[in-house]
Amino acid sequence: MADVYLATETGGVAIEVCVTHKCDEDKEQYYIDQQIDSIEYYFPLAEGNSISEWISLVRDNLVKYKWIYHSELEIKKIEHFKQIEEEKRNKKAEKRNRALSSLRKAISK
């Protein structure tokens, strides 16, 4: 299904190569649904680079790309959203505690 599939000791990565058209939405959704680490590299013909120039750009990490799905990034997103929810709960609890404290002070006077 992928243009290139790279299997490594830490896991596999599906690599899509965009020359004339981007990866279609169904394929992207498949990678996301199946949680397959996947990336799309862009090699536009209009730039007129030779193969050796593209290889040099890839080697220097200068080729435009987009992660379709990246498990480590997804884990970081989930952790970030959990942290935001925890902060919201803490702020709500602090607000409630301040209100209760003010109410107690008002009643005790």
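Full extension of the chain between GLU47 and LYS64 yields a length gain of 4.9 nm, computed as 0.36 nm times the residue separation minus the alpha carbon distance.
Distance between the modelled labels on LEU100 and TYR5, one decimal in nanometres: 5.5 nm (7 Å Cα→Cβ projection).
Solvent-accessible surface (1.4 Å probe) assigned to ASP33 amounts to roughly 100 Å². Solvent exposure of ARG96, expressed as accessible area, is near 140 Å², computed with a probe of 1.4 Å over the protein chains only. Taking label positions 7 Å along the Cα-Cβ direction at both LYS82 and ILE32, the computed distance is 2.2 nm, reported to one decimal. The overall shape of region 52-98 is prolate: from the C-alpha gyration tensor, with semi-axes ordered a ≥ b ≥ c, the ratio a/c is 1.5 or greater and a/b exceeds b/c. Within the shell defined by Cβ-Cβ distances under 9 Å, the residues around ILE68 carry a net charge of -2, with Lys and Arg each +1 and Asp and Glu each -1.
Any idea of GLU53's accessible area? Nearest 10 Å², probe 1.4 Å. Estimated to the nearest 10 Å², GLU53 gives 90 Å². The mean sequence distance of close C-alpha pairs (under 8 Å, at least 6 residues apart), as a share of the length of region 1-100, puts its relative contact order at 22 percent.
Take 100-108, 64-72 and order them by the average number of nearby Cβ atoms within 10 Å per residue, most first; the result is 64-72, 100-108. Here the accessible area is traced with a 1.4 Å probe on the protein chains. For the chain, carbon and sulfur cover 54 percent of it. Seen through its C-alpha gyration tensor, with square-root eigenvalues sorted a ≥ b ≥ c, the chain comes out prolate because a/c lies at 1.5 or above while a/b is bigger than b/c. Counting only DSSP beta bridges whose two residues both lie in the chain, roughly 65 percent are antiparallel.
The values are calculated or read from the model by the stated rules, or taken from the named source; none is laboratory data. All figures in this text were calculated on a predicted structure; none of them were measured in a lab. Counting neighbours? That spans all protein chains shown, and the Cβs are built from the backbone with ideal geometry, glycine included. For accessibility, only protein heavy atoms count, side chains too; no ligands or nucleic acids. Shrake-Rupley method; radii C 1.70, N 1.55, O 1.52, S 1.80 Å.
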